[in-house]
Amino acid sequence: MNTPRPELRVNGQRLWDSLMELARIGATDKGGVCRLALTSLDQQGRDLVTCWAREAGMTVTVDKIGNVFMRRAGRNSALPPVMTGSHIDTQPTGGKFDGNYGVLAGLEVVRTLNDQGIETEAPIEVAFWTNEEGSRFVPVMMGSGVFAKAFTLEHAYAATDTEGKSVQQELARIGYIGEEEPGEHPIGSYFETHIEQGPVLEDHGKTIGVVTGVLGIRWYDCTVTGMEAHAGPTPMALRRDALQVASRLMQEVVACAHRHPPHGRGTVGMVQVHPNSRNVIPGRVKFSIDLRNASDALCEAMDADIRAVASRLAVETGLAITIQPVSAYPAQPFHPDCVAAVARAAEALGYTSMPVVSGAGHDAVYMARLAPAGMIFIPCKDGISHNEIEDAQPEHITAGCNVLLHAMLERAGRV
Ligand SMILES: [Zn+2]
């Protein structure tokens, strides 16, 4: 067993054709896809993908949050499956590849194993997770989050869209409330193939991103309080200008990211100036801070860094500065064995690759809490995603799927 067959390749044209066929369900005029979670279009997408799975000889099970598992038997059915998957819901102005690629790449792996008559020791499973995008229902990554017990099934069921329809009602309406208890489904290891949704691979001219982990996130609200006063009569030395101090701290948010390379990120995306009047010295400024890095320790270091800078500024200027945490998501490193399997597969197949981190969340983040997990990134045009113009090259689509095939075979054990 396990004789290396580096010449083994997926059928890239078949994968591309399946992507284009799925993209017709909810297709938009601008070439994108609008297939929001648990709509009738989502139902059509789910029906099509599970129909393809059955045609490929797979058995299909559904859990109570509508996560779907499509299984190809292994020689030893007692072994937990080597799983891959992603999501098929999209943003309102979404693209053809985000999520859909990860699911259909898994299906193409199975079709290829069928074509070649290859049996694996462990079963192979392809999953799609309910409501990854979080566009219609909050929270995001809902199906995988319930599966990983990050929040309860009841919490997810109760979520409503803007029309007041609940997740539970809509799941029932489209016929995707299954029997399985979410999470009661063993996973041996998990891989997810995804477009990068950023510009790094394209910038470096690499085909495969070997994803080492997902960045941790810290969100804060920062308030600088001074004193509003008339812009004319108040001399410069006697002002308590909140915006001048806030803008220095905003610069420091970016500088803080630069002080924690290579993965530090610092963003001020939202600013409110009070009273926001042309001839009044600003008395209060509130702004958001978004800090990210590759480990919780680095996120912690950035937290300490920005707080130290803020207290120095407060002492120096005499203005009050508060930094209030809003939410935090831990960094999620992927399992060294899965990361290595992806890197080895890329190398054996002769693709250029580089280690990358994911700045966006994925279902694999929750799976990594349950089993050894890893991700494979491919470039997308200009790094653009969550946009109807999202695009990826067919050869990259094929390459990522070939890497998935070989990484999964390594973990599943070929007979
Ligand atoms: Zn996605």
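Listed by first and then second residue, the pairs linking a residue in segment 57-86 that is more than 14 Å from residue 187 (Cα to Cα) to a residue that is at pLDDT below 95, with Cβ atoms under 6 Å apart and 6 or more places separating them unless they lie on different chains, are 75/415. Scanning segment 46-55 for any residue that is within 16 Å of the ligand (Cβ to nearest atom), in contact (Cβ under 8 Å) with a residue 12 or more places away in the chain, of a type in the set (Val, Ile, Thr) and open to solvent by less than 30 Å² (accessible area, probe 1.4 Å) turns up at least one such residue.
Within segment 148-164, track down each residue that is touching a strand residue (DSSP E or B) at 6+ places or on another chain (Cβ under 8 Å), of a type outside the set (Gly, Ala, Ser) and open to solvent by less than 40 Å² (accessible area, probe 1.4 Å). Passing the criteria: only 157. Inclusion of residue 327 among residues that are away from the ligand (no atom under 14 Å from the Cβ), among the small types (Gly, Ala, Ser) and either more than 28 Å from residue 7 (Cα to Cα) or without any contact (Cβ under 8 Å) to a residue 40 or more places away in the chain (or both) is warranted.
Does residue 123 satisfy the condition of being touching a helix residue (DSSP H, G or I) at 6+ places or on another chain (Cβ under 9 Å) and either surrounded by fewer than 24 Cβ atoms within 10 Å (Cβ to Cβ) or on the phi > 0 side of the Ramachandran plot (or both)? Give the steps one after another, and end with the answer.
Working: touching a helix residue (DSSP H, G or I) at 6+ places or on another chain (Cβ under 9 Å): yes; either surrounded by fewer than 24 Cβ atoms within 10 Å (Cβ to Cβ) or on the phi > 0 side of the Ramachandran plot (or both): yes.
For residue 123, the condition - touching a helix residue (DSSP H, G or I) at 6+ places or on another chain (Cβ under 9 Å) and either surrounded by fewer than 24 Cβ atoms within 10 Å (Cβ to Cβ) or on the phi > 0 side of the Ramachandran plot (or both) - is met.
Scanning segment 171-191 for residues that are within 20 Å of residue 36 (Cβ to Cβ) and open to solvent by less than 30 Å² (accessible area, probe 1.4 Å) yields 171, 174, 176. Just one of the listed residues (94, 145, 134) is open to solvent by 10 Å² or more (accessible area, probe 1.4 Å), farther than 30 Å from residue 5 by Cα and within 15 Å of the ligand (Cβ to nearest atom), and it is 134.
When segment 330-348 is examined, which residues are found to be among the small types (Gly, Ala, Ser) and in contact (Cβ under 8 Å) with a residue 12 or more places away in the chain? Steps first, answer last, please.
Narrowing segment 330-348 to residues among the small types (Gly, Ala, Ser): 331, 340-341, 343, 345-346, 348.
Residues satisfying the conditions are 331, 341, 343, 345, 346, 348.
Right, residue 267: closer than 24 Å to residue 293 by Cα, open to solvent by 30 Å² or more (accessible area, probe 1.4 Å) and touching a helix residue (DSSP H, G or I) at 6+ places or on another chain (Cβ under 9 Å) or not? Spelling it out, residue 267 is indeed closer than 24 Å to residue 293 by Cα, open to solvent by 30 Å² or more (accessible area, probe 1.4 Å) and touching a helix residue (DSSP H, G or I) at 6+ places or on another chain (Cβ under 9 Å).
Conditions tested, residue by residue: (1) more than 30 Å from residue 157 (Cα to Cα); (2) in contact with a Ser or Thr (Cβ under 6 Å, 6 or more places away or on another chain).
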{"position": "43", "(1), (2)": "no, no"}
{"position": "52", "(1), (2)": "no, no"}
{"position": "67", "(1), (2)": "no, yes"}
{"position": "78", "(1), (2)": "yes, no"}
{"position": "94", "(1), (2)": "no, no"}
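Would you confirm whether any residue within segment 286-300 is over 22 Å from the mean Cα position of the chain (by Cα), free of Cβ contacts under 8 Å to residues at least 60 places away in the same chain and open to solvent by less than 50 Å² (accessible area, probe 1.4 Å)? So far as segment 286-300 goes, no, none of its residues is over 22 Å from the mean Cα position of the chain (by Cα), free of Cβ contacts under 8 Å to residues at least 60 places away in the same chain and open to solvent by less than 50 Å² (accessible area, probe 1.4 Å). On the stretch given as segment 320-351, residues that are out of contact with any Gly (no Cβ under 7 Å at 6 or more places or on another chain) and either at positive phi or among the polar types (S, T, N, Q) (or both) total 4. So, of the residues in segment 193-234 that are more than 30 Å from residue 15 (Cβ to Cβ) and open to solvent by 70 Å² or more (accessible area, probe 1.4 Å), which turns out to be nearest to the ligand (Cβ to nearest atom)? So, considering only residues that are more than 30 Å from residue 15 (Cβ to Cβ) and open to solvent by 70 Å² or more (accessible area, probe 1.4 Å), the one nearest to the ligand (Cβ to nearest atom) is 219.
Residue 8 passes every criterion in (1) out of contact with any strand residue (DSSP E or B) (no Cβ under 8 Å at 6 or more places or on another chain); (2) open to solvent by 30 Å² or more (accessible area, probe 1.4 Å); (3) aliphatic (A, V, I, L, M) apart from (2).
For segment 25-119, which strands (runs of 3 or more DSSP E) that fit wholly inside it have 1 or more residues that are farther than 28 Å from residue 335 by Cβ?
It comes to none.
Restricted to helices (runs of 4 or more DSSP H) entirely inside segment 311-415, those with at least 1 residues that are open to solvent by 60 Å² or more (accessible area, probe 1.4 Å) are 336-348, 394-412.
The values are calculated or read from the model by the stated rules, or taken from the named source; none is laboratory data. As the structure is a computational prediction, the values presented were derived from the model and not from experiment. Positions of Cβ are backbone-derived with ideal geometry, glycine not excepted, and every protein chain shown enters the neighbour counts. All accessible areas refer to the heavy atoms of the entire protein, side chains included, with ligands and DNA or RNA removed. Shrake-Rupley method; radii C 1.70, N 1.55, O 1.52, S 1.80 Å.
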